[in-house]
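The values are calculated or read from the model by the stated rules, or taken from the named source; none is laboratory data. All values derive from a computational prediction rather than experimental measurement. Quick reminder, even Gly has a Cβ in these numbers, built from the backbone with ideal geometry, and neighbours come from all protein chains shown. Heads up: the accessible areas ignore ligands, DNA and RNA and are worked out on the full protein's heavy atoms, side chains in. Shrake-Rupley method; radii C 1.70, N 1.55, O 1.52, S 1.80 Å.
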Amino acid sequence: MSRNYYIAGNWKMHMTRQQAAELAQALVNELRDVSKHRYLIAPSFTLLETVSAVIEGTNIRLGAQNCSPEEQGAHTGEVSVLQLKDLGVQTIILGHSERRHSYKEDDELINKKVKLALKHGFEVILCIGELLEEREAGKVEEVCETQIVKGLEGVKASDLSSIVIAYEPVWAIGTGKTATPEDAEAVHAFVRKVIERLYGEDIASKIIIQYGGSVKPDNVKELMAMENIGGALVGGASLKIDSFLPIARFS
Ligand code: PEP
């Protein structure tokens, strides 16, 4: 049976407008006829308008990498959901490990952003995942469960169709180390169980759980073959057409 996957590229703090437009255009051209999977690219805020113009009306969704927890107002340096909507953003990545660990975002703040994004009709990719020391201390499930429960606190079942979970073990992000497909699958299955406990079997069976952490052309197939892995959130390898395309077009 062929499955559909949700393949997302997180461009992080890379590229100028010209580079972004070129990469987005190349992806539009190459993915135009691939109806099999669902795609998203998430450029920096400053590139959103440029990329939006290139991918509008195509099979590639526009994502942002963060948003302010406040709707608008006196919040210097922040970007509002209203501004993101105005640029054509459809999805917001929240709780990325770089936000959690480098910028000290806690579950409460992430939850506030999740609820605001949902209120304004965005899809949310909620990132979760453990640090290496947490894995070594046997705390993977505890950490992931807390991040899910707190991240989704107060989120109604009717909003779960707009939630995607990305399991990204922090030790695998940008390091070249990938979780084995079996280790990743075990956590994905656990994540689905947590969602089932919170929202019931039907919602749990439908939620997309992406894997993220050094996904590359040569490991995408074995990761996506796992039963509970429904897509990939790709960082480094999404920055070049030569590495993102084989991931996006894998079969
Ligand atoms: C990410 O930033 O979400 C990520 C998974 O990065 P990388 O693919 O580079 O590990």
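For the reader, a short list of remarks on this structure follows.
- For M13, M224, the ranking by accessible surface with the largest value first comes to M13, M224, using a 1.4 Å probe.
- Across the stretch 62-76, coupling constants 3J(HN,Hα) worked out from phi with the 6.51/-1.76/1.60 Karplus curve, θ = phi - 60°, read 9, x, 10, 8, 5, 7, 6, x, 9, 5, 6, x, 7, 9, 3 Hz, and Gly and Pro carry x.
- Excluding same-chain neighbours fewer than eight residues apart, the lysines reachable from K156 by a Cα-Cα span under 24 Å are K85, K112, K113, K115, K119, K193, K206.
- For a straight C-alpha distance cut-off of 23 angstrom, the lysines reachable from K216 (same-chain residues fewer than eight places away being disregarded) are K12, K36, K177, K240.
- Put simply, the amide H of M15, placed in the peptide plane, has no neighbours under 5 Å, leaving out anything fewer than 5 places away on its chain.
- Using a probe of 1.4 angstrom and keeping all protein chains present, the accessible surface of the chain works out to 47 square angstrom per residue.
- Cut-off 19 Å, label 7 Å out along Cα→Cβ of A189, residues of the stretch 199-237 by amide N: 201-202, 204-212, 222-231
- Taking a point 7 Å out from the Cα of L132 in the direction of its Cβ, the residues of the stretch 152-176 whose backbone N falls within less than 14 Å of it are 169-176.
- Fully extending the segment from S162 to L82 would add 27.0 nm, taking 0.36 nm per residue of separation and subtracting the current Cα-Cα distance.
- Per-bin percent of Cα-Cα distances, the chain [5 Å]: 1, 6, 15, 19, 21, 18, 13, 6, 1, 0, 0
- Debye log10 I(q)/I(0) for the stretch 97-172, one point scatterer per Cα, at q = 0.11, 0.12, 0.17, 0.19 Å⁻¹: -0.27, -0.33, -0.63, -0.78
- Net charge contributed by nearby residues that have their C-beta within less than 15 Å of T146 (K/R +1, D/E -1): -4
- Mean-position separation - Cα centroids, the stretch 1-45 and the stretch 55-125, in angstrom: 18 Å
- Rg over Rh, two decimals, the stretch 51-95 (C-alpha only, Kirkwood Rh): 1.01
- Kirkwood hydrodynamic radius of the stretch 10-58, from inverse mean 1/r over distinct Cα pairs, in Å: 11.1 Å
- Apportionment of accessible area to carbon and sulfur, the chain, percent (1.4 Å): 49 percent
- Extended-chain gain in nm, criterion 0.36 nm per residue less alpha-carbon gap, H14 and E201: 63.4 nm
- The residue list Q147, T76, S97 was ranked by how far each Cα lies along the charge dipole of the stretch 22-148 toward its positive end, using unit charges on Cβ atoms, and T76 comes out on top.
- Under a 5 Å amide H cut-off, with hydrogens placed 1.01 Å from N, G212 pairs with Y167, E168, L233 among residues at least 5 apart or on other chains.
- Probe 1.4 Å - accessible area at F190, Å² to nearest ten: 30 Å²
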